[in-house]
Structure formats: structure tokens, C-alpha cells
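Student: Please read through the structure below; I'll follow up with questions.
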Amino acid sequence: MTDVSRRTAVCPGSFDPFTRGHRYVVERAAACFDEVVITVVVNPNKHGLFGVDERIDLIRDDCSDLANVRVDRWTGLLVDYLRQESIHTIVKGLRSAVDFDYEVPIAQMNRELADVETVFLLTDPRFAHVSSSLVKEVAKLGGDVEPFLSPRIHRALTARIEGQQAV
């Protein structure tokens, strides 16, 4: 492993939408690594509320104050992206033991497939119950999700849901 690869980490996810919990983990990772790449992993079998380009734009805007953070996309195995970019570290946020139980086998597989290490960071307890799916569900039912999203992402989510309900 080269010195450069140790200083760069990937924070992967679908980020539909990017929450304050995601942002917290990215901030923590940015304090630990020289560069953090938020990678929007595209699953062609899933259609999110926001298109991939919209998610990337929203994340770039939300993280524009973090000089060592950039946003990219990838379709396929994440380890193939890491190989292509010569990155050897993944950062994942953990909200609870459920996340840990889900993520450990993936981390072990990634290590076997591509000699990639996964670093787990605990999220801020204020966001331990927040997931993109739950935020969307609550918002669609009229609940207040503003505390869990940046202002721009909250406006985009509200507009998208209102647009869907008008159809």
C-alpha cells in the first residue's frame, strides 16, 4: 500500500438524500484523511427519489466548505472503483449494532477481494435514528424532517415530494 492510498478514503452510499448524519461522518473522515471521496454508488436496478446527478449536485453544495472532500459516482462493485482510483480505505458510518452487523461481512469481503480496509465511524447520537429511507417516508407523510437535512436538501426534498403528490 502506498502512502498516498492511506491518506485518501471513500465514503460510499446511495445518499438519497444526503442527511446531516452522512455529513457528520464525512466531516469526521475529512479530519482523519487528506482526501475524502463521497462516492454515490449507482444501482441500475433502483430508482431513487433524486437522480444521481441531482444527488451529486446536492452533496457538492452541502460539502462545499470541506476543502478536502470531493464527490464522484460509480456503477458496479465498489472495490473496482477503489482499484481504479488506487484507494485502499473505505469509511462507513455506524448508527447502531444493526449497522455493524450488516457492514462487517461487507468489509471482510472487500478486504478479501481487494485488500481494502474499512474504517467505521460512529455517527452523532442526534442522528443515530436517521436514515435516508426514513427521512423520505416521514416527509412523504407530512412529517418535519428539516432538522435532519441541510436547508438546500430540505428544499429539494420538499419540492420533489410536493411535485409527486400533485401528479
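The values are calculated or read from the model by the stated rules, or taken from the named source; none is laboratory data. From a predicted model like this one, the values you see are computed outputs, not experimental measurements. In this analysis, Cβ positions are derived from the backbone assuming ideal geometry, glycine residues included, and neighbour counts consider all displayed protein chains. Only protein heavy atoms, including side chains, enter the accessible area calculation; ligands, DNA and RNA are left aside. Shrake-Rupley method; radii C 1.70, N 1.55, O 1.52, S 1.80 Å.
Student: Using a Cα-Cα cut-off of under 16 Å, which lysines could be cross-linked to LYS46, ignoring same-chain neighbours fewer than 8 residues away?
Tutor: Of all the lysines, those that pass the test against LYS46 - Cα under 16 Å, at least 8 places apart if same chain - are LYS136.
Student: Would you list VAL130, VAL104 from the most to the least accessible area, probe 1.4 Å?
Tutor: Result, largest first: VAL104, VAL130.
Student: So, in Å, what gap is there between the alpha-carbon centers of the stretch 17-42 and the stretch 84-127?
Tutor: So the two Cα centres are separated by 12 Å.
Student: How far, in degrees from 0 to 90, does helix 20-32 lean away from the longest principal axis of the Cα atoms of the chain, to the nearest 10?
Tutor: Approximately 30 degrees, to the nearest ten.
Student: Need one number for the stretch 27-84: average projected area of the convex hull over its C-alpha atoms, nm².
Tutor: Its Cα hull, projected and averaged over all orientations, spans 4.5 nm².
Student: To the nearest whole percent, what portion of all C-alpha pairs in the stretch 104-155 is separated by more than 11 angstrom?
Tutor: Everything past 11 Å amounts to 76 percent.
Student: Same structure, new question: Test of understanding: what is the full-extension gain from GLU35 to ASP57, defined as 0.36 nm times their sequence separation minus their Cα-Cα distance?
Tutor: Result: 6.1 nm gained on full extension.
Student: Here's a follow-up. Fully extended, how many nm does the chain gain between ASP65 and VAL42 (0.36 nm per residue separation, minus their Cα-Cα distance)?
Tutor: Between ASP65 and VAL42, full extension yields 5.8 nm more.
Student: Could you order GLU103, GLU35 by accessible surface area, starting with the largest, using a probe radius of 1.4 Å?
Tutor: GLU35, GLU103
Student: Determine the gain in length on full extension of the stretch LEU113-GLU27; use 0.36 nm per residue of separation and subtract their C-alpha separation, reporting nm with one decimal.
Tutor: Extra length available between LEU113 and GLU27 comes to 28.2 nm.
Student: Taking the simple approach of a point 7 Å from Cα along Cα-to-Cβ for both SER96 and ASP80, what is their distance in nm?
Tutor: Those two pseudo-labels are separated by 3.4 nm.
Student: How far is helix 52-62 tilted, in degrees, relative to the longest principal axis of the Cα atoms in the chain, given as a value from 0 to 90 rounded to the nearest 10?
Tutor: That helix lies at roughly 90 degrees to the long axis.
Student: Follow-up question, since we're still on this one. At q = 0.10, 0.17, 0.18 Å⁻¹, what base-10 log of I(q)/I(0) does the Debye formula yield for the stretch 27-166 when every alpha carbon is treated as an equal point scatterer in vacuo?
Tutor: -0.39, -1.16, -1.30
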